[in-house]
Amino acid sequence: MSGSDDAVLELRAVQRTHGAGPAAVHALRGVSLVVRPGELVAVMGPSGSGKSTLLALAGGLDRPTDGEVLIEGQPLGALDRRGLAQLRRRRIGYIFQQLNLLGSLSAVENVALPLELDGTGGRRARSLAMAALTEVGLPALGDRFPDQLSGGQQQRVAIARALVGERRLVLADEPTGALDSQTGEAVLHLLRRRIDAGAAGVLVTHEARHAGWADRVVFLRDGVLVDTTAPLGSVEQLLSGSDR
Amino acid sequence: MSIRHGLLALLERGQMYGYQLRAAFEESTGSTWPLNIGQVYTTLSRLERDGLVRPLPESEAGQRPYEITDAGRADLALWFATPISRTDRPRDELAIKLALALTTPGVDVRSVVQAQRSATMRALQELTRLKYGSDRPEDLPWRLVLDSMVFQAEAEVRWLDHCETSLVRHRPSVPPPSAPGPRAAPDAARWADEEARR
């Protein structure tokens, strides 16, 4: 079954329950969401509202208890582990607060790694990785190791790794972490630029200032989407379509 | 801030006539504070009355430029040196509205909070979009004005988040008609959870 229109990401009535019986925790209770190319959607909500669960499901890192997740029309439930891993490497970029850079690899090797794991030749992977590092403003630091880079530079390497190649979906969980406000803003600027160039993105954040970079902000509360906003202009239309 | 000090600051750059002042004022506030020409002339005549500016001879095009006086410079310097008092700002209608919503029967406070949060978030998105589109070095004054509004909006959203959390923990002295029945656990966290799902 194909997804809705040109959606890069689609969640259809997705539910995620951990455990069973009276102790069951309903992390998500029927969330539907469509993210199209050129669109950045911010997800806000209090701790425990299901933000990170939503992101894990969107990225194929977790499977829903019920409902369906589609990436570029492909239902993730129909893929086996190998197919899912391949789709994750090729199509999805992840930016987490924990950068997960490998200390024994240089910046450019860290960025090239997902491509090489996916069978891209070493030279080509390196050249794509250098292009991604240039895009995030670090063209000269490719040969440095993570511990030779500042926090902000490491974050940029992690972003380059998320954007390298043909990634169509970028998923970010509090990507500015402990960065100072200027560096954090630069990170969001980069993310925004890639989205404007045709990718789709989901940004989980509890910082309203960061959510301001999104085209749409959705609010989660206790596993349910309670509201959605867009900048002034199309607001009325969006609100009348929300499920409040 | 008063328009009066804004105009004095602009005249400190050099002499200007009314329309130039209006354009420069709007440029330096990124058009976030639109000013009509009537306000400019009214303010100029008050400044002239107080000896803070003086009119110069009309140009051939019939425009009368103004220049700042020494007294005007002193007034401007004092303004820059004096912090703005919080008590000079208008009372926060939103805080009062929420306080009243809590004690007014039949008002769903959470809806009030959420509606405001959405509206403020939309404003924040709009401000961020304006900022994103103005990254030339000469846009700095405007960007800083926008940043100020961004930080204020952010503070408001944080406060609304705080209100929502407090509401979840708040146990009304008289349970509302739709309150959970005997299943409500004495444990505060469990109670909050029930309350949130209602």
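The values are calculated or read from the model by the stated rules, or taken from the named source; none is laboratory data. As the structure is a computational prediction, the values presented were derived from the model and not from experiment. Every residue, glycine as well, gets a Cβ built from its backbone with ideal geometry; the counts of neighbours run over all protein chains shown.
Consider B:Ala119 carefully, then state whether it is within 14 Å of another protein chain (Cβ to nearest Cβ) and within 21 Å of the chain's Cα centre (by Cα). It is true that B:Ala119 is within 14 Å of another protein chain (Cβ to nearest Cβ) and within 21 Å of the chain's Cα centre (by Cα). For B:Leu144, indicate whether it is within 16 Å of the chain's Cα centre (by Cα), more than 11 Å from chain A (Cβ to nearest Cβ) and modelled with pLDDT of 80 or more. When the stated conditions are applied, B:Leu144 passes them. Residue count for segment A:129-169 satisfying the condition of being touching an Asp or Glu at 6+ places or on another chain (Cβ under 7 Å) and more than 19 Å from A:Gln98 (Cβ to Cβ): 1.
Scanning segment A:193-209 for residues that are within 14 Å of chain B (Cβ to nearest Cβ) and not hydrophobic (A, V, I, L, M, F, W, C) turns up A:Arg193, A:Arg194, A:Asp196, A:Thr205, A:His206, A:Glu207, A:Arg209.
For segment A:91-140, name all the residues that are in contact with a Lys or Arg (Cβ under 7 Å, 6 or more places away or on another chain), of a type outside the set (Val, Ile, Thr) and in a loop (DSSP other than H, G, I, E, B). Matches in segment A:91-140: A:Ser106, A:Asp118, A:Gly137, A:Leu138. Looking across segment A:191-221, the residues that are part of a helix (DSSP H, G or I) and surrounded by 20 or more Cβ atoms within 10 Å (Cβ to Cβ) come down to A:Leu191, A:Arg194, A:Ile195, A:Ala208, A:Arg209, A:His210, A:Ala211.
Looking at A:Val25, A:Val41, A:Val31, just one residue is of a type in the set (Val, Ile, Thr), surrounded by fewer than 17 Cβ atoms within 10 Å (Cβ to Cβ) and closer than 30 Å to B:Trp159 by Cβ, and that residue is A:Val25. From the list B:Ala24, B:Ala9, B:Ala61, the lone residue that is in a loop (DSSP other than H, G, I, E, B) and either closer than 28 Å to B:Glu138 by Cβ or among the aromatic types (Phe, Trp, Tyr) (or both) is B:Ala61. Assess whether B:Ser134 counts as being outside any helix (DSSP H, G or I), among the polar types (S, T, N, Q) and within 13 Å of chain A (Cβ to nearest Cβ). In short, yes.
In summary, A:Glu174 fulfils each of the numbered conditions (1) at pLDDT 90 or above; (2) not assigned by TED's automatic domain parsing to the domain that holds A:Pro114 with the single exception of condition (1).
Scanning segment A:45-69 for residues that are within 14 Å of another protein chain (Cβ to nearest Cβ), assigned to a loop (DSSP other than H, G, I, E, B) and under 17 Å from the mean Cα position of the chain (by Cα) gives A:Gly45, A:Gly50. Within segment A:1-22, the set of residues being closer than 17 Å to A:Arg91 by Cβ and either crowded, with 18+ Cβ neighbours inside 10 Å or outside the structural domain of A:Ala211 (by TED's automatic domain parsing) (or both) comprises A:Gly3, A:Ala7, A:Val8, A:Leu9, A:Glu10, A:Leu11. Note on segment A:104-125: residues that are more than 23 Å from the chain's Cα centre (by Cα) and within 19 Å of A:Gly137 (Cβ to Cβ) total 1.
Please determine whether any residue of segment A:167-176 is surrounded by 20 or more Cβ atoms within 10 Å (Cβ to Cβ), part of a helix (DSSP H, G or I), of a type in the set (Val, Ile, Thr) and in contact with a helix residue (DSSP H, G or I) (Cβ under 6 Å, 6 or more places away or on another chain). No.
The listed residues are A:Arg81, A:Arg36, A:Arg91, and the only one of them that is of a type outside the set (Gly, Ala, Ser) and crowded, with 17+ Cβ neighbours inside 10 Å turns out to be A:Arg91. The set of residues in segment A:94-123 being free of Cβ contacts under 8 Å to residues at least 24 places away in the same chain, closer than 26 Å to A:Gly198 by Cβ and surrounded by 15 or more Cβ atoms within 10 Å (Cβ to Cβ) consists of A:Glu116 alone.
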